[in-house]
Each structure stands twice: as C-alpha cells, then as structure tokens.
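**Student:** Let me give you the structure first, and then I'll get to my questions.
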Amino acid sequence: MLKTNHFHLLACPKCQTKLTTEGDNLTCEPCGLKYIVRTEVPIMLMEESIDMNGITILDEVRHADKEDIKKHFTTVAESLEVSNMTRFVTFLNWGYKVTDNEQFAQFEVDDSMLNKNPLKLLFEIVGQVDLKNKKVLDVGCGRGGNLAGINKYYKAHTCVGLDLTEASVQFDHVRHKGDNMFFLVGDAENLPFEGETFDAVFNCESSHGYPNIHKFYDGVYRVLKSGGHFLYGDMLPTDKWPEYEQYLISLGFEILRNQDITENILTSCDEVAENHYSAYGKMDQGFMEGMKDSLSLPGSGIYNDMKTGVQQFCVINAIKK
C-alpha cells in the first residue's frame, strides 16, 4: 500500500480532480485513469496512465520533443554514474557570476561554498521573496539542487519537485529525501495539482524546452494561490520576451521584476567550463557534443546565441493578483 504524507497534494493532470489511493496506484475516478507509483515516486504522466482494464490508452499524448528531453537527461544521469560524479552533481543550472548588474539575493555566497555559482543563480531568481513556511513547487527540478537550496536557506514548509525525467526524480527521491521534500514525475504543461495549491512556483532553465510555453504559464497561474509568486529564470529568444511578459500580465500576474542577467550567466559559464568537462568528459565525443549546448559551454550554439543577443536570459518575479 502507498505510504506518503504528500500524495494528498496530487490531482489528475487531465482534469485536476483529487486522486484516490488504490493498491499501488493513484486513481482518477472521473477520468477512469490510474497513475502508477514506482519506489514511492508517482508517475503523473497521462501517456503512462492506464485505464480501468490495465491498458495504456493515451499514447497520442506523447510528444517527440518531450521524449527527446527524457532521453537526454536519462543519458546525463548515466554519464554522471560513469564518471563517479553523480553524488556531487545536484545542480544543472548554468550559474550566476557577479558583474556590475544589480543584485537582489537575500544570501551571500563565498568561495568555500560547493556549487557557489548555481546557488547564486537560485538566490537571484528568488530575490527578496519570503519563502519561510511557504509551500513551494519547483517545475523542472532536475537533480534537486534548487529545491534543496530553497529548503535549506529559505526554510520553506513544503518543497515539491516535478520533472519529466524519471531518472532525475528517482535520484532526487533518494538524495534529497526529507519529511518536507517530495518529488514526482510530471509534465510542466499538465501540472498534476488542484488550483491554488502553492505559495510560490520556481522555474529555472527549463521552460525553453517546453513545446507549449503558454500552457505552462496557464498552469502556473492556476496552481498558485492568490498573492503567490512566480519565480522564473530562463534563456529564451530575445524578441519573444516582451510577448511572454504580456501573456503573463494577461493571465492576471503583476510583474514585480524583469531583469536581463545574460552577462552574469555567460561569465559563470566561462568560469565553470572546466568542471563540466571533468564531470561529463568520460562519455564518448558524440555525447559531449550534445552536452555543449545543455551546459552552455563556451563555443556552443546556446552560448553564442546569448553572446550575440539572439537569446536572452531574464529573471521574472511575478505575483498572482
């Protein structure tokens, strides 16, 4: 039988109805769908749900881009195992390096801190928002470093991490296990929660891979409580940022901060490139070529796009009115 303090947070990603517990499954009675749980990790993907007869019926929901993302980050997890770096790599973000750009972090970092650049990026995205005793969702949580940082430094009450890649979530479930930490497999475009569940939604370097980013924004607005914060940092096409900001406003968000931190990201990428080669370098050359963009290594397409202004890394802090 399923035992967890956090399954009550979940709802069907198709209809947002609360789920009932049935054996080792979570069942949506209106949809007639069951969502499986593997090693205490809920798999809240419609394409992996089953009907009452035990038949997978939603294969049409699968999206090629999302399947590629899952495959890529599963390979990343395997790479870290091969290089014996898996226990050390809990952040996948590109990090933040101080320049003359205005800073908003509540906490300082110093050279003695492990993962100082990724932590600094986390601190800058959260900015001055108070997360103490709050219920926080990290969409695209990766290897859990950001959510663990939110738990440690901001003293959040409940920390929920959602990611599309099961290999990442299974790692998180073991590495970051705690009474107030909960991880699940889910789709950012079909958030498996009821409306007005969270005080804050955090999203870092993930949304640029979503086929329908507007659907993600819709879901963030829905699951946030009134007065809740959307804490958002990502690299997107420079000419798209005004459109996305206006879409958030049209949903009912008030934009409290919109800051270009591309120079801070690039400076960090320059600094940590050698560490990334050490962590992933034991994989074959073809894999490393693919990782150059994922890690924004100097000379990669993504790095060059930010360098030339084609893409821009912005931080948005928005509040649900």
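The values are calculated or read from the model by the stated rules, or taken from the named source; none is laboratory data. On a predicted model such as this, the values are computed, not experimentally measured, just so you know. Heads up, the Cβs are rebuilt from the backbone with ideal geometry, glycines too, and the neighbour counts pull from every protein chain shown. Side chains included, ligands, DNA and RNA excluded: accessible areas come from the protein's heavy atoms. Shrake-Rupley method; radii C 1.70, N 1.55, O 1.52, S 1.80 Å.
**Student:** For residues in segment 149-178 being under 20 Å from residue 201 (Cα atoms) and of a type in the set (Val, Ile, Thr), which is farthest from the chain's Cα centre (by Cα)?
**Tutor:** 158
**Student:** Within segment 41-62, restricting attention to residues that are crowded, with 17+ Cβ neighbours inside 10 Å and in a loop (DSSP other than H, G, I, E, B), which residue is modelled with the lowest pLDDT?
**Tutor:** Checked segment 41-62; the qualifying residue modelled with the lowest pLDDT is 49.
**Student:** Follow-up. List the helices (runs of 4 or more DSSP H) that sit entirely inside segment 233-321 and contain at least 1 residues that are modelled with pLDDT under 95, within 23 Å of residue 102 (Cβ to Cβ) and within 22 Å of the chain's Cα centre (by Cα).
**Tutor:** 262-280
**Student:** If you check residue 185 against the conditions, is it open to solvent by less than 60 Å² (accessible area, probe 1.4 Å), farther than 19 Å from residue 126 by Cβ and touching a residue at least 60 places away in the same chain (Cβ under 8 Å)?
**Tutor:** So residue 185 fits the description; yes.
**Student:** If you don't mind, there's one more thing I want to ask. Being among the small types (Gly, Ala, Ser) and closer than 10 Å to residue 319 by Cα narrows it down to one residue among 227, 233; which is it?
**Tutor:** 227
**Student:** Still on this structure, I have one more. Tell me the residue from 251, 256 that is over 19 Å from residue 94 (Cβ atoms) and in contact with a Lys or Arg (Cβ under 9 Å, 6 or more places away or on another chain), please.
**Tutor:** 251
**Student:** For the condition of a type in the set (Ser, Thr, Tyr), under 16 Å from the mean Cα position of the chain (by Cα) and more than 14 Å from residue 258 (Cα to Cα), what is the one hit in 226, 207?
**Tutor:** Exactly one residue qualifies, and that residue is 207.
**Student:** So, in segment 209-233, of the ones that are in contact (Cβ under 8 Å) with a residue 60 or more places away in the chain and over 27 Å from residue 133 (Cβ atoms), which residue ends up surrounded by the most Cβ atoms within 10 Å (Cβ to Cβ)?
**Tutor:** 209
**Student:** Whether any residue in segment 107-121 is modelled with pLDDT under 95, in a helix (DSSP H, G or I), open to solvent by 40 Å² or more (accessible area, probe 1.4 Å) and of a type outside the set (Gly, Ala, Ser) is what I want to check.
**Tutor:** Yes, segment 107-121 has at least one match.
**Student:** Please specify each residue of segment 159-214 satisfying the condition of being of a type in the set (Ser, Thr, Tyr) and assigned to a loop (DSSP other than H, G, I, E, B).
**Tutor:** Listed by number, the residues that qualify are 165, 197, 206, 210.
**Student:** Here's something else I'd like to know. For segment 1-46, give me each residue that is over 27 Å from residue 136 (Cβ atoms) and charged (D, E, K, R).
**Tutor:** The answer is 22, 24, 29, 34.
**Student:** I need the full set of residues from segment 168-182 which are open to solvent by 10 Å² or more (accessible area, probe 1.4 Å) and aliphatic (A, V, I, L, M), in order please.
**Tutor:** Listed by number, the residues that qualify are 174, 181.
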